[in-house]
Amino acid sequence: MPSFNIHLSIAKRYIDKNQIENKDEFIRGIVAPDLAEDDDKAHYSGYRDKNDILNALKNKVQLDKYLEENSIESTYDKGVFLHLITDYLFFTDFFNEKYLLKTGYKDFCKDLYYSYDICNQYLEDKYQIYYGNYKEKIENNIKKDNKEKEVDNSKRTNILPYEKLDEFIEKVSSIDIEEYKNKIIN
């Protein structure tokens, strides 16, 4: 999944561009799927064959399944849905298919977490990220993830160039949530 700082940068830009009734509820929705105990359930994941990286990434989030079970009525719901849209677009549009096929799922994940470490401070500084009441929970979650995913970084590649990340953040934060929902339903 995109890092918390990517999600929170998108949330910040979305709030800047739209009238959000309750900023804290929106942020709670933005971070909720990644703080859930069952990641697959929270992201409405489908079957993922990690030997087929393109299929595995495409099925990390199934937006239609989310919409079958949820409506988007509250500010919190908008945050959750924007989180899921972000994840879906991140894994289906952001990365070069040639790189993904050459790298494979396991090394892609290692490169991704290495890249998060590189870009997190940049995102925090550039977007003046607002954590709401979740900073401690997020930091604890990141520490836990880093322990579980320790790798030899000398063999890693940064796959999140700042310019492309900024373009992605602007693109996703400009989405009309209601219009996107209707596109999926129809």
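Worth a mention:
- The chain: DSSP helices with Cα axial extent of at least 15 Å and average Kyte-Doolittle hydropathy no lower than -0.5: 4-17, 23-35, 75-89
- Ordered by 1.4 Å accessible area with all protein chains kept, Ser74, Ser3 run largest first as Ser74, Ser3.
- Solvent exposure, largest accessible area first (probe 1.4 Å, DNA, RNA and ligands not counted), of Ile85, Ile185, Ile175: Ile185, Ile175, Ile85
- Most positive-pole-ward Cα, Gly79, Asn182, Asn55, against dipole of the chain from beta carbon charges: Asn55
- The charge dipole of region 8-153, taken about the Cα centre with unit charges on the Cβ atoms of Lys, Arg (+1) and Asp, Glu (-1), comes to about 320 debye, rounded to the nearest 20.
- Fraction of accessible area attributable to carbon and sulfur, the chain (%, probe 1.4 Å): 42
- Residue-normalised accessible area of region 1-145, given per residue in Å² at a 1.4 Å probe: 51
- The relative contact order of the chain comes to 32 percent, based on Cα pairs under 8 Å that sit 6 or more residues apart.
- Count of lysine pairs in region 55-109 with Cα separation under 16 Å (8 or more residues apart, or interchain): 5
- Qualifying chymotrypsin sites (Phe, Trp or Tyr not before Pro) in region 36-75, DSSP loop, other Cβ atoms within 10 Å at most 15: Tyr47
- P(r) histogram, all alpha-carbon pairs of region 61-143 included - 10 Å bins from 0, percent: 13, 34, 38, 15, 0
The values are calculated or read from the model by the stated rules, or taken from the named source; none is laboratory data. Keep in mind it's a predicted model, so treat the numbers as computed, not measured. Cβ sites come from the backbone with ideal geometry, for glycine too, and all protein chains shown count toward neighbours. Just the protein is used for accessible areas: all its heavy atoms, side chains included, with ligands, DNA and RNA removed. Shrake-Rupley method; radii C 1.70, N 1.55, O 1.52, S 1.80 Å.
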